[in-house]
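Everything below concerns the one structure shown next.
The values are calculated or read from the model by the stated rules, or taken from the named source; none is laboratory data. Treat the numbers as computed from the prediction; the structure is a model and nothing was measured. Every residue, glycine among them, receives a Cβ derived from its backbone with ideal geometry; neighbour counts consider all protein chains shown.
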Amino acid sequence: MNELNQSVNKKIKEIIEEMTLEEKVSMIHGNGLFRTEAVKRLGIPALTMSDGPMGVRKDYKNDKWEDIGNTYDYSTYFPSNMALASTWNPDKAYEFGTSIGAEARARGKDVILGPGINIIRTPLCGRNFEYMSEDPHLISKMAVPFIKGVQTKDTAACVKHFAANNQEYERLNINVEMDDRALHEIYLPGFKAAVKEGNSYTIMGAYNKIRGEYCCESDYLINDILRKQWGYDGVVISDWGAVHNTETAAKYGIDIEMSVTDNFNEYFLADPLIEKVKAGLIDEKFIDEKVERILKLMFKLNVFSEKRVRGKYNALEHREAALNVARESIVLLKNHDNVLPLKDDKVKSLAVIGENADKQHSNGGGSAEIKALYEYTPLMGIKMRVGGNTKVQYAKGYSKDESLKSDLLNEAVKLAENSDEVIIVVGLDHDFDVEGKDREDLNLPYNQDELVKAVLEVKPNAIVVNISGSPVFMEQWIDEAKAVVHSFYAGMEGGYALAEVLFGDVNPSGKLPVTFPKALSDSPAHCIGDFPGVETVEYKESIFVGYRYFDSRGIEPRFEFGHGLSYTKFQYSDLTLIVDNSEEINIELSFNITNTGGTSGAEIAQVYVSDLESSLIRPKKELKAFEKVFLEIGETKLVKLSLNKEDLSFYNDKENKWVCEAGEFKILVGSSSSDIKLERIFTV
């Protein structure tokens, strides 16, 4: 775990020996809303943090949730984690990470609170847009390079929220109950990868309880799994206000307690801890261990070095990184009759309809809010892209103000009738995709379904763009719509990237990191498991989360996990396997992908594994590898991937260990979880 040299470890021990109890305790709790206390006598600075991961949040006063009101904290607004995951491109995750790490460092931050990697258990979770996927493999492969990128800039990533923080309803107290298979196969792998592969310097404990213990005070989660099983020597930071008990937090829990109130000395790991140590109720060694980990973190970040990375923010290359991620994040869901891309010479008048076309999203969502340097809306992006030869007109179409419904609808339909082409931009906003509450249903709010149907009636070729951080219900109009595009809050450049895709400057290559169900009742958390629970929520669906459930039960979603179309066509061929049945097991697979269409593009080849002879029930198939392949017209590339014993294993909750059983397995290679192109059975 990024071991420091012997002399540094010796120096840390010497520093701790010099410290008073009060000085040590001052380092393990907030002495500001986003910082700890400095120990000036020994030259130890405060540890400073910032919310993420869509950018560095605006600065607040030290002890009040009040904007400082200056202009220097306008920041690059990056795409959401869900948008990043929809690129299926680890290189873009690394580029994203280096950019946000540099921005945080330049703003004087030591820790950026991200990435968020909780599993998308339900499409209703208010913070889904901050997370990545329903699949632990995709999460792991995108989170690790993000973390590594951040930490190249002497900024610590803080992976959150450990663990099973999958809803906002009663998040401060809800108790999560799940079986060991679900915990180890679904909800922990992303965090394990973040720790063991990404070497995340810090990790954030979640608000909720798991098996009756608050996550920030859980001996099982923090000491047993994180520290002992995974060998983690980094710093565990509480979510803000997630600590409830001095003794359990000191002995079994986090290293730094943060909260939302300004009574810093009254935090559980502040004066109450000092009193308990002096009374002989808590051993000071627990505090020493926390301080040692914090000091190690500071040395890893070169806090005491004049050579520490300076960083920079609002840099051109960071805005370019945001644009590149946005371009690759946009998902083409449907394109009947090749309505897209639009042709410049055929579009003399263009109607852009829908409030989301002219709405900025950066300043909402809760702790993910960003004081954006700028944000191109779809309307602005389209007008920037088409220039002066196309007349672009806008109609709001809908509003949360019900009294305006009829007038806005009529205006939109009239504009659509009199335009060559129509783009309808609908979806959610941060009244719905927001920290602190979950959505009530999958429906589009503000009568948007009625708007889409009315416009499609007069303009059947109208393009529907949905902007949201989670799946939405499209059943009222999806069969009539010929072209549907989806964007997960795509950052400051999202509106321009969308315009580039709509007009064919960029060939869409994003794929869904989550399943879009036809009905909420099709989702496993709602038809098998509990949601949202009362005091306890039971994950009765176990390992059958997302596509694992849909595929295994034969339920057809509206759009499957991994789905995403292109303006070109790809052909898969020549799957070969080389199986090494030595103790560790290694499977080398290769196949060709050819661009058989009329434009260059990128395909995301997905490799799933099916266990045909398992002693315990397993999903029909599970994602185990993927690669994004960029191809010119007519070009063929050989894709080589490898699998190992771990990729074939499941967690045996009867034996409390990972098991790879002998027998037959099937490799499935495809364009999505449903669109399988190549298959091959092998035996281990």
- Note on the structure: Apart from one, (1) without any contact (Cβ under 8 Å) to a residue 40 or more places away in the chain; (2) crowded, with 24+ Cβ neighbours inside 10 Å; (3) in contact with a Pro (Cβ under 9 Å, 6 or more places away or on another chain) all hold for Glu480; the odd one out is (2)
- Query: Which ones in the stretch 490-499 are outside any helix (DSSP H, G or I) and closer than 13 Å to Gly510 by Cβ?
  - Reply: Ala490
- Message: It is to be established whether one or more residues within the stretch 652-673 are closer than 19 Å to Val545 by Cβ, surrounded by fewer than 17 Cβ atoms within 10 Å (Cβ to Cβ) and acidic (Asp, Glu).
- Response: yes
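May I ask you to say which residue of Lys312, Lys334, Lys307 is basic (Lys, Arg) and surrounded by fewer than 15 Cβ atoms within 10 Å (Cβ to Cβ)?
Details: Lys312 fails: surrounded by fewer than 15 Cβ atoms within 10 Å (Cβ to Cβ); Lys334 fails: surrounded by fewer than 15 Cβ atoms within 10 Å (Cβ to Cβ).
That would be Lys307, the only listed residue that is basic (Lys, Arg) and surrounded by fewer than 15 Cβ atoms within 10 Å (Cβ to Cβ).
Scan Lys64, Lys109, Lys10 and give me the residue that is surrounded by 24 or more Cβ atoms within 10 Å (Cβ to Cβ), in the same structural domain as Arg293 (by TED's automatic domain parsing) and of a type in the set (Lys, Arg). It would help to see each step written out before you state the result.
On the way: Lys64 fails: surrounded by 24 or more Cβ atoms within 10 Å (Cβ to Cβ); Lys10 fails: surrounded by 24 or more Cβ atoms within 10 Å (Cβ to Cβ).
The match here is Lys109.
Has the stretch 411-420 got any residue that is at pLDDT 95 or above, assigned to a helix (DSSP H, G or I) and closer than 22 Å to Leu512 by Cβ?
No, because not a single residue in the stretch 411-420 is at pLDDT 95 or above, assigned to a helix (DSSP H, G or I) and closer than 22 Å to Leu512 by Cβ.
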- Query: Only one of Asn165, Asn128 is under 15 Å from Tyr207 (Cα atoms) and either within 14 Å of the chain's Cα centre (by Cα) or among the β-branched types (Val, Ile, Thr) (or both); which?
  - Reply: Asn165
- Message: Out of Asp407, Asp479, Asp449, I need the residue that is in a loop (DSSP other than H, G, I, E, B) and either at pLDDT 95 or above or touching a Phe, Trp or Tyr at 6+ places or on another chain (Cβ under 6 Å) (or both). Which one?
- Response: Asp479
- Task: Give the residues of the stretch 511-529 that are touching a strand residue (DSSP E or B) at 6+ places or on another chain (Cβ under 7 Å) and closer than 14 Å to Cys125 by Cβ, sorted by residue number.
- Result: Gly529
- Note on the structure: (1) β-branched (Val, Ile, Thr); (2) closer than 30 Å to Asn324 by Cα; (3) more than 18 Å from the chain's Cα centre (by Cα) all hold for Ile100 apart from (3)
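Checking the condition assigned to a strand (DSSP E or B), touching a residue at least 40 places away in the same chain (Cβ under 8 Å) and touching a helix residue (DSSP H, G or I) at 6+ places or on another chain (Cβ under 7 Å), which residue from Val159, Val150, Val144, Val176 passes? Don't jump to the end; show me each part of the working.
Details: Val150 fails: assigned to a strand (DSSP E or B); Val144 fails: assigned to a strand (DSSP E or B); Val176 fails: touching a helix residue (DSSP H, G or I) at 6+ places or on another chain (Cβ under 7 Å).
When all the criteria are applied, what remains is Val159.
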- Query: Of the numbered conditions (1) of a type outside the set (Val, Ile, Thr); (2) surrounded by 16 or more Cβ atoms within 10 Å (Cβ to Cβ); (3) closer than 30 Å to Val659 by Cα, Asp580 satisfies every one except a single condition; which is it?
  - Reply: (2)
- Message: Tell me whether the stretch 388-396 contains one or more residues that are of a type in the set (S, T, N, Q) and part of a helix (DSSP H, G or I).
- Response: yes
- Note on the structure: Inside the stretch 625-654, the number of residues satisfying the requirement of being over 25 Å from the mean Cα position of the chain (by Cα), among the hydrophobic types (A, V, I, L, M, F, W, C) and under 17 Å from Leu577 (Cα atoms) is 3
- Item | Matching residues in the stretch 245-267 - criterion: being buried (at least 23 other Cβ atoms within 10 Å of the Cβ) and within 18 Å of Leu47 (Cβ to Cβ) | Ala249, Gly253, Ile254, Asp255, Ile256, Glu257, Met258, Tyr267
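Looking at Pro471, is it part of a loop (DSSP other than H, G, I, E, B), more than 28 Å from Gly366 (Cβ to Cβ) and either over 21 Å from the mean Cα position of the chain (by Cα) or not hydroxyl-bearing (Ser, Thr, Tyr) (or both)?
Values: part of a loop (DSSP other than H, G, I, E, B): yes; more than 28 Å from Gly366 (Cβ to Cβ): no; either over 21 Å from the mean Cα position of the chain (by Cα) or not hydroxyl-bearing (Ser, Thr, Tyr) (or both): yes.
The answer is no for Pro471.
Would you check if there is a residue in the stretch 206-215 being surrounded by fewer than 24 Cβ atoms within 10 Å (Cβ to Cβ), in a helix (DSSP H, G or I) and not assigned by TED's automatic domain parsing to the domain that holds Thr536?
Taking the stretch 206-215 first, the residues surrounded by fewer than 24 Cβ atoms within 10 Å (Cβ to Cβ) are 207, 209-213.
Checking the rest, the ones that are also in a helix (DSSP H, G or I) come to none.
No: zero hits.
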